[in-house]
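What follows is a single structure, written as structure tokens, with notes after it.
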Amino acid sequence: MAKTYEPIATTTLGSASATVTFSSISSSYTDLILVGNIVGQSATGGLQMRLNSDSSSNYSYTFLNGDGSSASSSRASSQTEASISFSNSTTVPSSFITQIMNYSNTTTFKTLLSRSSSNGNTLAYVNLWRKTPEAVNRIDIITSGGYTINTGSTFTLYGIKAA
Amino acid sequence: MLNNIAALVGAPTAAIGDYESISTTTLSTATASITFSGIPSTYKHLQVRGIVRPTSNNADMRLTLNSDTGSNYARHRLIGNGSTVDATGTASTAFIGFFDANGLQTGTASVFGVAIIDILDYANTSKYKTVRILSGNDNNGSGQVGLSSGLWQSTAATTTLTLVMSAGNLDTYSSFALYGIK
């Protein structure tokens, strides 16, 4: 059997940053998995993602959230970025795992699954990227609401190749 | 912070773990089911990853193990549909259901749902098998995301996995890959 699940690249922030980018992503895998462990410089705001530098209104998402006392679900359509996590602490790290399924095919829109958690909630996201189907070769992790990713936050991109 | 991966991995990466690709099926025509059979018992866990588009809007996706269609399964689901959260459970049922078409077929043709299925300790002959699933689809105004768990009340080693829609077919280009984790 073919061994797979390869680490492609890792970033550990040496200084606070509003963005993290993985570019020139090979199309030789089937799925991409992005794992992040982050501390923010503010207790509000969120973490988003753009694919192939597309900032048009081609993204939409549905999420499921549990905050320790209640569960909720919401969605947003025609967004300019995918949503993968939000933060509510400047001290407690939050984490996320985002799966970009069949990222390199040129037939289907791309659907992403994310699980994220922090000291205040646990989340599951499904995101859709509706740009004319193309292989994903760049991921930009961006922030909103004045949120900045703090020093020491880590991001690792993995690739899985199906036989 | 910019990572140029071509620069970072000019040489092939070598740190590959014990995660192996076993088999993949990508549909060239709409098909009722996808089956992985003859699964070796040499791994600790299995993972199935895939994209799916149903041909029927009123269908859910179902998993059975070892072609067992008896009432030997139980399942629980937690689903968010963009406005409400629903938790359901069913005992003594004939499958593990985990993905609702949810109008996907009437949406844009290029939209596919996705699912990641973990079958834990699948080859153990002393325990029942537990399955967990993360799945979802979004169609820019509709969709759902769900967490599911399933139980198969059998101590047999899992050698066959079958994915089937409750109605209609899995549409062309639906694709599922089976992986083994050591």
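Remarks
- Scope the stretch A:135-148; condition within 11 Å of chain B (Cβ to nearest Cβ) and not β-branched (Val, Ile, Thr); matching residues: A:ASN137, A:ARG138, A:ASP140
- Checking A:THR90, A:THR122, A:THR107, A:THR151 one by one, the residue that is of a type in the set (Ser, Thr, Tyr), farther than 14 Å from A:ASN52 by Cα, facing another protein chain (nearest Cβ under 9 Å) and touching a Ser or Thr at 6+ places or on another chain (Cβ under 8 Å) is A:THR107 and no other.
- Residue under evaluation A:GLU134, criteria (1) outside any loop (DSSP other than H, G, I, E, B); (2) acidic (Asp, Glu); (3) under 29 Å from B:SER28 (Cβ atoms), criterion not met: (1)
- Exclusive hit being closer than 30 Å to B:ILE22 by Cα and either touching a residue at least 24 places away in the same chain (Cβ under 8 Å) or touching a strand residue (DSSP E or B) at 6+ places or on another chain (Cβ under 8 Å) (or both), set A:PHE22, A:PHE86, A:PHE63: A:PHE22
- Of the candidates B:ALA32, B:ALA74, B:ALA59, the single residue that is of a type in the set (A, V, I, L, M, F, W, C), in contact (Cβ under 8 Å) with a residue 60 or more places away in the chain and crowded, with 21+ Cβ neighbours inside 10 Å is B:ALA59.
- Just one of the listed residues (B:THR84, B:THR88) is within 14 Å of chain A (Cβ to nearest Cβ), out of contact with any Lys or Arg (no Cβ under 8 Å at 6 or more places or on another chain) and at pLDDT 95 or above, namely B:THR84.
- Where B:THR24 falls short, out of the listed (1) farther than 15 Å from A:THR30 by Cα; (2) facing chain A (nearest Cβ under 7 Å); (3) at pLDDT 95 or above: (1)
- Selection from the stretch A:134-160 of residues that are at pLDDT below 95 and of a type outside the set (S, T, N, Q): A:ILE142, A:GLY145, A:GLY146, A:TYR147, A:ILE149, A:GLY152
- Hits in the stretch B:110-143 (condition: assigned to a strand (DSSP E or B), away from chain A (no Cβ under 14 Å) and surrounded by fewer than 23 Cβ atoms within 10 Å (Cβ to Cβ)): B:LEU120, B:THR130
- Subset of the stretch A:11-24 that is within 15 Å of the chain's Cα centre (by Cα) and at the interface with another protein chain (Cβ under 8 Å from one of its Cβ atoms) - its residue that is farthest from A:ILE160 (Cα to Cα): A:THR19
- Taken over the stretch A:28-55, residues that are farther than 25 Å from A:SER89 by Cβ and surrounded by 14 or more Cβ atoms within 10 Å (Cβ to Cβ) amount to 7.
The values are calculated or read from the model by the stated rules, or taken from the named source; none is laboratory data. Since this is a predicted model, take the numbers as computed values, not measurements. Heads up, the Cβs are rebuilt from the backbone with ideal geometry, glycines too, and the neighbour counts pull from every protein chain shown.
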